[in-house]
1. Can you name the residue in the stretch 52-91 that is open to solvent by less than 30 Å² (accessible area, probe 1.4 Å) and assigned to a loop (DSSP other than H, G, I, E, B) and is also farthest from HIS28 (Cα to Cα) among such residues?
2. List the number of the failed condition for TYR94; all other conditions in (1) in contact (Cβ under 8 Å) with a residue 12 or more places away in the chain; (2) open to solvent by 10 Å² or more (accessible area, probe 1.4 Å) hold.
3. Checking HIS28 against (1) modelled with pLDDT under 95; (2) outside any helix (DSSP H, G or I): exactly one of these is not met. Which one?
4. Could you list, in sequence order, the residues of the stretch 129-147 that are in a helix (DSSP H, G or I), out of contact with any strand residue (DSSP E or B) (no Cβ under 6 Å at 6 or more places or on another chain) and not acidic (Asp, Glu)?
5. For the stretch 58-71, name all the residues that are of a type outside the set (S, T, N, Q) and under 15 Å from the mean Cα position of the chain (by Cα).
6. Sort out which residues of the stretch 108-128 are in a helix (DSSP H, G or I) and buried (at least 20 other Cβ atoms within 10 Å of the Cβ), and write them in order of number.
7. On the basis of being in contact (Cβ under 8 Å) with a residue 12 or more places away in the chain, open to solvent by less than 30 Å² (accessible area, probe 1.4 Å), on the phi > 0 side of the Ramachandran plot and out of contact with any His (no Cβ under 7 Å at 6 or more places or on another chain), does ASN105 make the cut?
8. Kindly check whether there is at least one residue in the stretch 112-133 that is touching a Gly at 6+ places or on another chain (Cβ under 7 Å) and among the β-branched types (Val, Ile, Thr).
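The values are calculated or read from the model by the stated rules, or taken from the named source; none is laboratory data. Predicted, not measured: the structure shown is a model, and the values here were computed from it. Methodologically, a virtual Cβ is constructed for each residue, glycine included, from the backbone with ideal geometry; neighbour enumeration extends over all protein chains shown. Protein only, heavy atoms only, side chains kept; ligands, DNA and RNA dropped before computing areas. Shrake-Rupley method; radii C 1.70, N 1.55, O 1.52, S 1.80 Å.
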Amino acid sequence: MKSWTGVVCGVLLSTLSVSVMAADHQIHMLNYGDQGGMVFEPGYLQVAPGDTVTFVPDNTGHSVKSQWLPEGVEPWQSPLNEPFTVTLDQEGVYLYFCPPHLMMNMTGVIQVGDSAGQQAEVEKAASGLSRRAFQNKGRLADYMQKISWAK
């Protein structure tokens, strides 16, 4: 009986320590910011597995939708004009955009952990998003350059 108590206590403590160490981040959805018009700030964010990210619509007319996600991660989309929180457990690169403002290249990148994973596939997805943008050309490419592609 004593050994089961130790195991249960160990599991509980490890679970608590992971949740205590997880960080909360915010990405603001703005009509105008440091990177120009129709922008997520920050546009590139690196977080640890288990961290949460809340997309905050500082101006009306914004939402967020996943475009590229690591394998096994469920796609997500926020309601218009509402904060949206996602927990990022899986390492890799997450590409996202604002559906009403994709043509203005309102896109962003989150890298979870140190291993970005499938570089060719992520770059292809980013290129597809960029081709649909008529303004702010090069914004997503700038964010993509910040990714560390270590294996």
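1. PRO70
2. That leaves (2) as the condition not met.
3. The failed condition is (1).
4. If the condition is that a residue be in a helix (DSSP H, G or I), out of contact with any strand residue (DSSP E or B) (no Cβ under 6 Å at 6 or more places or on another chain) and not acidic (Asp, Glu), then SER130, ARG131, ARG139, ALA141, MET144 are the ones that fit.
5. Matches in the stretch 58-71: VAL64, LYS65, TRP68, LEU69, PRO70, GLU71.
6. If the condition is that a residue be in a helix (DSSP H, G or I) and buried (at least 20 other Cβ atoms within 10 Å of the Cβ), then VAL122, ALA126 are the ones that fit.
7. Criteria met by ASN105.
8. Yes, the stretch 112-133 has at least one match.
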